[in-house]
Amino acid sequence: MTASHNPGRDNGVKLVEPDGGTLPMALERAAEALANAADDDAAAQIEALREAARAVAAAETPTTTEEESPKTPRVLVARDTRESGRALADETLAGVRAMGVEAVDCGIATTPQLHYYVLATNSGAPDSEHDYYARLAAGYAALTEEDEDEGVENVENVDASPPLVIDCADGVGAQKLKLLGDAVEPYGLTFDLRNRGDAADSSLNDGCGSDYVQKMKAPPKRGDFGSLKPGTRCVSVDGDADRLIYFETREDGDVDLFDGDQIAVLIAEHLNELVKSAAPFLTDVTVGVVQTAYANGASTRHLVETLGAAPVCVPTGVKHLHHAAEQLDIGVYFESNGHGTALFSETTKKKIEDATVEALVQRSMPHVKALLALAHCQRCINPAVGDAMSGILLVEGILRRLKATTLPRPYADLPSRQTKIVVPDRTKIKTEDAERRVREPKSLQDAIDDAIRARAATDASVRAFVRPSGTEDCVRLYVEGERVESVDVLTARIRDACETVLSE
């Protein structure tokens, strides 16, 4: 029971599949129909459930023989710290039990923790909350373990690094990051938790959290971030701790943002270096990145240069990113808002294991180190879903391996602007090419193309796209270019075109 980055008064439901993943797209229509059915319209509710059952039956393959007994169904239920969570969780548990299904109350948890519990319990892995922290902490400890020949002085300098300042958004992350911090503190990583939800002025996601920091490009309003020394490394999570945004404080009170695009570049580059260092024992493994059209063009250009291939571009929404990343050997994805992770395919995991054995047999220790580092990175990652807590450990582990005292910035973001345009009917817009072009009405894309051509002569990097909002009666306009002036002019011209074409 969580509404993620929304205000505390809101609440909702997130559904987790048996494999720890998110609701399949085939079931979304049924879920929407069920949610929109009137309370007194039993026929609509029943039909929505039947549609869901048909979708499940079509997707499932038999897992038992006639001699085997089917598994007893169980449903795990968790909630965040919203005031309404307990009552909603109790109603859910009662509803599950009324269907004759075992219901397990997991209590307070982050959304990614529940995803992990479901995956672990169905795969036979240790599935308690303690096991969750133990897995992540062990991965971080192994990833950052110093070689004996690295020198004592270097180890002392790393361990003396200041605490990581974390804005917990006054949400569930505060409780759980305290427990994770206890688990990793013996390995030299300490947390300074702020906006923990226990102050008189606490307000979930209100002027704090990853969504606020990323959109406003400003430090949280609460938590005394203004007292921090310039250059202090900080991270903000959202209300249910599945997003993370890094930033460094500045003397003028603003922040240097390190958003999801930059996190993806940091992780992908490091994993790619490890893969290259593991050759020739590890072959035919590539690292790929998945982005949406909202990814800053400078990050896309940089990834092409460093990875040798363009990122995969998919429609907006973490479900699209996650599915595309699953098709890669090692797939890294992060939306600009900080929602993302890194995925290792089962084939790649097996290749890393086999290559490690072979390198050990041949006593090729530099290759062994690279291969083990890839394995340790996997243990730092929640294997089910994007997870702010595991993301923090992976980022911090990479920074420690790089001996970086500041966040690396290999490229500078291009100026960009996102604009919301209220229109009578957003459904008039149909998009294609991962939402980068308007298919209908054609006259709108023609107007966008004309506007871009007019600026391209003086700014070759300009690009723009329009897409209908998935939740509001509006369309969203994104414009990007080398120069702020280009972005401003293009935004005004395309906004006018949208209002003209969509009002016809």
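No lab work stands behind these numbers, since they all come straight from the coordinates. Just so we're clear, the structure is a prediction, and the values are computed from it rather than from any experiment. Note: ideal-geometry Cβ built from the backbone for every residue, glycine included; neighbour counts use all protein chains shown.
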Along the charge dipole of the chain, pointing to its positive end and built from +1/-1 on Cβ of Lys, Arg, Asp and Glu, which listed residue (99, 255, 460) has its Cα farthest out? 460
Where labels lie 7 Å past Cα in the beta-carbon direction, separation of residue 98 and residue 13 in nm: 1.1 nm
Separation of alpha-carbon centers, the range 1-54 and the range 366-403, rounded to whole Å: 34 Å
Which of the lysines could a cross-linker bridge to residue 420, judged by Cα under 30 Å and excluding same-chain residues fewer than eight apart? 14, 215, 217, 221, 319, 428, 430, 442
Helix-only [θ] at 222 nm, the chain, -39500 (n - 2.57) per DSSP H run of 4+, per residue, nearest 500, equals -14000 deg cm²/dmol
Tell me which GluC sites (Glu not before Pro) from the range 230-325 have a DSSP coil assignment and no more than 12 other beta carbons within 10 Å of their own. 251
Treating the beta-carbon of each Lys and Arg as +1 and of each Asp and Glu as -1, no other charges, what is the dipole magnitude of the range 356-504 about its Cα centre, to the nearest 20 debye? 780 debye
Sort 422, 235, 479 so the one with the fewest other Cβ atoms within 10 Å of its own Cβ comes first. 422, 235, 479
Note: residue 38 to residue 251 extended length (0.36 nm per residue) minus current alpha-carbon separation gives 71.2 nm
At R0 = 35 Å, how high is the FRET efficiency between residue 90 and residue 217 if r is their beta carbon distance? Nearest 0.05 is fine. 0.30
Sort 347, 491, 111, 121 by Cβ crowding within 10 Å, fewest neighbours at the top. 347, 121, 491, 111
Note: residue 138 to residue 454 extended length (0.36 nm per residue) minus current alpha-carbon separation gives 108.2 nm
In the set (i) 1.02; (ii) 0.97; (iii) 1.15, which value of Cα Rg over 2.2 N^0.38 Å was calculated from the structure you see? (i)
Which of the listed residues, 172, 290, 208, is farthest toward the dipole's positive end in the chain, when Lys, Arg count +1 and Asp, Glu count -1 at the beta-carbon? 290
Can you tell me which of 443-454, 380-391 comes out highest on packing, and rank the rest after it, using the mean Cβ neighbours within 10 Å? 380-391, 443-454
Between residue 485 and residue 472, what is the spin-label point distance in nm, taking each point 7 Å from the Cα along the Cα→C-beta axis? 3.1 nm
If the cut-off is a Cα-Cα distance under 23 Å, which lysines reach residue 369, setting aside same-chain residues fewer than 8 apart in sequence? 276, 349, 350, 351, 403
Can you tell me the dipole magnitude for the range 419-473 around its Cα centre, using point charges on the Cβ only (Lys, Arg +1; Asp, Glu -1), in Debye to the nearest 20? 60 debye
With a Förster distance of 35 angstrom and the Cβ-Cβ distance between residue 75 and residue 409, calculated FRET efficiency to the nearest 0.05 equals 0.20
Cβ-placed point charges (K, R +1; D, E -1), dipole of the range 133-259 about Cα centre in debye, nearest 20: 780 debye
Could you run the Karplus curve 6.51 cos²θ - 1.76 cosθ + 1.60 with θ = phi - 60° over the range 268-284 and give me ³J(HN,Hα) per residue in whole Hz, x for Gly and Pro? 5, 5, 5, 4, 5, 5, 5, 4, 5, 6, 8, 6, x, 5, 10, 10, 6
Counting only DSSP beta bridges with both partners in the chain, the antiparallel fraction in percent, to the nearest 5, comes to 65 percent
Euclidean distance of C-alpha centroids, the range 169-188 and the range 445-495, integer Å: 42 Å
If you take every DSSP beta bridge fully contained in the range 133-259, what fraction is antiparallel? Give it as a percent rounded to 5. 55 percent
Residues with amide H under 5 Å from that of residue 76, placed H, sequence gap 5 or more: 104
